[in-house]
1. How about the range 19-66: which of its residues are more than 23 Å from residue 2 (Cα to Cα), surrounded by fewer than 18 Cβ atoms within 10 Å (Cβ to Cβ) and of a type in the set (S, T, N, Q)?
2. Scanning the range 30-52 for residues that are of a type in the set (D, E, K, R) and more than 9 Å from the chain's Cα centre (by Cα), which turns out farthest from residue 18 (Cα to Cα)?
3. Given the structure, is residue 47 hydrophobic (A, V, I, L, M, F, W, C) and under 17 Å from residue 66 (Cα atoms)?
4. Going residue by residue through the range 12-34, is there one that turns out to be β-branched (Val, Ile, Thr), out of contact with any Cys (no Cβ under 9 Å at 6 or more places or on another chain) and over 14 Å from residue 67 (Cα atoms)?
Amino acid sequence: MNDGDQILSTLDRRELGKKLRLARERRGLTQEQAAKTIGVARTTLVAIEKGDRPIRSAELVQLAIEY
C-alpha cells in the first residue's frame, strides 16, 4: 500500500463514493465510460461509488482528471 492509498483508507468510502458519483453525473458520463477511464469493469465502479470497494489513489487521480 502506498502513501496515497493509506490516506484514502482513512476516508469514509461511502461518502467519497457518493461524491464521485455526483461528479460523474455532473460531467454527463456513464458508469461504463468512467470505468473505462480507470481500467475497471462497470461493476467495480459501481462498488466504488457505493463504498463497497476502496478506490486506489491512482484511480482517484484518473477520475479527478476526467471529471
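1. Answer for the range 19-66, where residues must be more than 23 Å from residue 2 (Cα to Cα), surrounded by fewer than 18 Cβ atoms within 10 Å (Cβ to Cβ) and of a type in the set (S, T, N, Q): 30, 33, 43.
2. Initial filter on the range 30-52 (of a type in the set (D, E, K, R)): 32, 36, 42, 49-50, 52.
Restricting the remaining residues to those that are more than 9 Å from the chain's Cα centre (by Cα) gives 32, 36, 42, 50, 52.
Details: 32: 17, 36: 19, 42: 16, 50: 7, 52: 11 Å.
In this case the residue turns out to be 36.
3. On the way: hydrophobic (A, V, I, L, M, F, W, C): yes; under 17 Å from residue 66 (Cα atoms): no.
No.
4. No, there is no match, as no residue in the range 12-34 is β-branched (Val, Ile, Thr), out of contact with any Cys (no Cβ under 9 Å at 6 or more places or on another chain) and over 14 Å from residue 67 (Cα atoms).
Every number here is computed from the coordinates shown, using simple stated rules; none is lab data. This one's a predicted model, so the numbers in the text were calculated from it and none came from an experiment. Note that each Cβ is placed from the backbone with ideal geometry, even for glycine, and that neighbours are counted across all protein chains shown.
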